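**Q** Handing you this structure, nothing more for now.
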Amino acid sequence: MTALADRLYRTLTDSFEEAARIVGRAEEGVRLELVGGKTRSRAAPDGDRGLITEWLTRICLQHRPALWLNPGQGLRVEAYRGGRARPDGSLASSEAFVGQGEWADPDPVLMVVGVTSHDFDTERRDRMEKPRAYAETGIPLSLLIDRAACEVTVYSEPDGARHADAHTVPLGKTLRLPDPVNITLETEPLKDWVD
């Protein structure tokens, strides 16, 4: 990346972070992200989405007690870390984000979790742009709980541009989360929390 392009990208990111702080203080429930050079707002989590995240947190604690599924922690994403994303959960050691602030370094993250919303841009944002940003960043696993499609996908083996492997199961089936997480999910309970 040239020095000028790098400076412009940093300026865009700095401006975004300031705008996100201002909007977050002014409008309750508004959360902004910067992915693929585009600023988007995320819907505030609804009750079912919160329950899904709680369910997954409990499973992670049972199987990997040294880890914590941090809800809503902002991450610096994409190849040059100029993007800013807010996964529904970031699985890392319990102290991984201490002192990090609103937008944390993604290096300690083993898995990010996304639960689809009912926004008009869910297809593009949740199913395409964010998994690609997580792969560019090198986050080992990305778990997408797709409430509209009634399925769960685990993306793995990031190669710097995309995840080389994606495994999808319908709700109710078993899904193995590969290393470095190495947990098997029984997705049957998710059927009760999709609309």
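**Q** Which net charge results when you count Lys and Arg as +1 and Asp and Glu as -1 among the other residues whose beta-carbon is under 12 Å from that of residue 159? Let's see the in-between values first.
**A** Working: positive: 132, 162; negative: 136, 157, 165.
Here the charged neighbours net out to -1.
**Q** Calculate, in nm to one decimal, what residue 48 and residue 165 gain on full extension: separation in residues at 0.36 nm each, minus their alpha carbon distance. Can you show the working numbers first?
**A** Values: separation 117, 0.36 × 117 = 42.12 nm, distance 2.79 nm.
Length gained, residue 48 through residue 165: 39.3 nm.
Where a number appears in this text, it was derived from the coordinates with a stated rule and is not lab data. Note that this is a predicted model, so its numbers are computed, not measured. A quick note on method: Cβ atoms are made from the backbone with ideal geometry, for glycine too, and the neighbour counts reach across all protein chains shown.
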